[in-house]
Amino acid sequence: MKQFFVFIMSITLLGSCKKQNADFLSYPTPVNENLWTNYSKESTLFKLWSPTAEEVTLRLFKTGNDSNSFETFSLESAKSGIWQKNLTKDLDGIYYTYQVKINGRWLEETPGMYAKAVGVNGNRAMVLDLNATNPDKWEKDKGPVISHLNKAIIYELQIRDLTIHPESGSSLPGSYLGLVEEGTKGTGNISTGIDHLKELGITHVHLLPTFDHYSIDETNLDTPQYNWGYDPQNYNVPEGSFSSDPFNAAVRIKEFKQMVKAFHDNDIGVILDVAYNHTGKTEEANFNQEAPGYYYRHWKDGSYADAAACGNETASERAMMQKFIIESVMYWTKEYHVDGFRIDLMGIHDITTMNKISDAVKKINPDALLYGEGWTAKDSPLPEEKRALKKHMKQLPQIAAFSDDIRDGIKGSVFEDESTGFVSGAKNTEESIKFGVVGAIQHPQLDYEKVNYSNAPWALEPWQSINYVSCHDNHTLFDKLKISKPKADSEELIAMDKLANAIVLTSQGTPFLHAGVEMLRTKNGEHNSYNLPDSINQINWNWKTEHKEVFEYYKNLISLRKAHPAFYMKNAADVVNNLNFQTVKDGIVSYIIKDNANNDDWKNILVIYNAKNKTIFHEIKGTWQEGVSGDNFDLEGKRTLKNKIKVPALSMYIAFQK
């Protein structure tokens, strides 16, 4: 997550926060009250929590924009700061807003932070019978079952990127439904879209933020617009710009559900990227129109804290913010059948809240994946020992964190363009590779003082380490290799690229791939493309044709991992007992996984990573079969090996014994 937005704070609100900051903890906190708009054909109950409000007005509209209110009501003050009004008529399809008066001043209208449906650009909420948005057989819809989390193979994508290029063959480019449109083809009759994902073999798609965000003007979609979406507006509503009609609040909901069901029908899970750590605006945010200042952290002088580097940070430790986050993830899990969450800048949230989130989600979907960035962008008033940081993952037993250790160990620092890693010739990176191989756990053969970032294991179990080498942030893998190794030729760069994710996909952590890496995706050297045009961000499907051998290599890697559970052992004890490192020296790491680990068909597996620019010879004892050499995958093992193995330059080699 990058620093995307610049905000101008209101002097009025800042002064209010200074004055009220000490009082926030004295607010009544009705954490067991249902604050969601409750619809039935007979009546709709509207609720809002605003403990300092003097009045709250409810306005009804026929449309989601450009119309005057046709009816206005005053909400009634109830207990614990709750305001409510029950209207006894069928309001299905009617839009509404709230407006709160505090200290004699009317704040801006808001759809309410618990809005489930909104009109164009998210300014008005809509009363909606959600059952009417369910696809056929929705009640039977279910995501993939995974016996343990590192069995998942995650593919991170932005919805628009996969289908917006003309060669995608999509009839619905840039949309929810376009993403799951079957039968699309590119030049050379290659499969694109969801058919490409099925061919590749991934198990889960990770969607960059698809909640309603500010960046895109949904009234002007004929003009191409682009943003990753890390500027939350309405957390519980799908983004309208990916729908066929953002003006009709029901359409985006129905199409999002259709997308999820289509993925599930193809045994692919759907993970949402969520940014509860900050709001896209500060003074104007819905939170601040209902309980000014309460939902945010502040420094002692009353100024907004900004650990997100986006103008503000939310206060997950406060009862009503914690309630909101937990209920929001539960809502997405129940209503939209999503299969997990990627938590943006998870280190901003407190450990207690994160554990409550995982407990709540797992009760609904035991197979859900939860993982996040175990860091902050800037400092926070939340004491470090309370933060859900990577080094505190042992206190977060159901959650995983991204391993920047293996990421930068493989390819070099994301913060230094010229920095290199194991595959690109850096010295003394072997322990960082080993650290990634075992999934950041305690292993007797690791020298933790030599690991690049972590001088101690931080994972309880190997699946808690999200192993990756590239994502939406920073350069694509191919761009990073090209920039850091300017003298390398195309053949060398491709070999480095393959070796990088060969390490990821044969390591014990949970593997994570950046969309397009399997066809040498480039952003023309851009590293922060959050608002750059489609020409930079799109998947150019001609790459799949041009780099067919790279795609086939990734496809074979995924097939290898899925066929051999020794690469995703269930727990740390199994990894310690069954994985032994062999040769570890400059540019070479090898290890054996033994004794039919995790019920694998292969009794013993030898994995060799050769990052040297030359062929090496690796001594072996006994008789082995060749499984992988260079681009050749032979899982039947037709070639017998004795004494020495010839390992090609810049490649992974696998041998096995039955």
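The values are calculated or read from the model by the stated rules, or taken from the named source; none is laboratory data. Predicted model only: the values in this text are computed from it and were never measured. Here the Cβ positions follow ideal geometry from the backbone for every residue, glycine too, while neighbour counts run over all protein chains shown. Surface areas here come from the heavy atoms of the whole protein model, side chains and all, with no ligands, DNA or RNA. Shrake-Rupley method; radii C 1.70, N 1.55, O 1.52, S 1.80 Å.
Okay, here's what the table says:
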item: FRET efficiency, 1/(1 + (r/R0)^6) with R0 45 Å, evaluated for Glu384 and Ser40 via beta carbons; result: 0.45
item: In segment 140-277, lysine pairs closer than 18 Å at Cα, eight or more apart or cross-chain; result: 11
item: Placed amide H near Ile153: partners under 5 Å, 5+ positions off or other chain; result: Thr203, His204
item: Accessible-area order (highest first, 1.4 angstrom probe) of the listed residues Glu290, Glu335; result: Glu335, Glu290
item: Theoretical ellipticity at 222 nm over the chain - DSSP helices of four or more residues, -39500 (n - 2.57) apiece, nearest 500; result: -6500 deg cm²/dmol
item: Between segment 39-112 and segment 226-289, the Cα center-to-center distance that results, in Å; result: 23
item: Nearest-0.05 FRET efficiency for Asn32 and Glu71, computed from C-beta distance (R0 45 Å); result: 0.90
item: Hull volume in cubic angstrom per residue (convex hull over the Cα atoms of segment 557-658); result: 96
item: Accessible area in square angstrom per residue, segment 161-231, 1.4 angstrom probe; result: 32
item: Other-chain or far-sequence residues with amide H under 5 Å of Val118's (modelled H); result: Met126
item: Per residue accessible area of segment 441-565, 1.4 Å probe, in Å²; result: 33
item: Solvent exposure, largest accessible area first (probe 1.4 Å, DNA, RNA and ligands not counted), of Phe242, Phe617, Phe633; result: Phe617, Phe633, Phe242
item: Among beta bridges that DSSP assigns inside the chain, antiparallel share in %, nearest 5; result: 75
item: FRET efficiency, Glu418 to Lys450 (Cβ-Cβ, R0 25 Å, nearest 0.05); result: 0.70
item: For segment 492-511 and segment 299-342, distance of Cα centres in Å; result: 34
item: Portion, in percent, of the accessible area of the chain that falls on carbon or sulfur, probe 1.4 Å; result: 46
item: Over segment 46-158 - Rg/Rh using Cα atoms and the Kirkwood inverse-distance radius; result: 1.13
item: Formal net charge of residues neighbouring Leu446 (Cβ-Cβ distance under 15 Å; K, R +1; D, E -1); result: -3
item: Flagged links, alpha-carbon separation over 22 Å, of Lys411/Lys614; Lys523/Lys614; Lys391/Lys427; result: Lys523/Lys614; Lys391/Lys427
item: Length-normalised contact order for the chain - Cα pairs under 8 Å, 6+ apart - percent; result: 11
item: Mean accessible surface per residue for segment 78-137, computed with a 1.4 Å probe while every protein chain stays in place, in Å²; result: 41
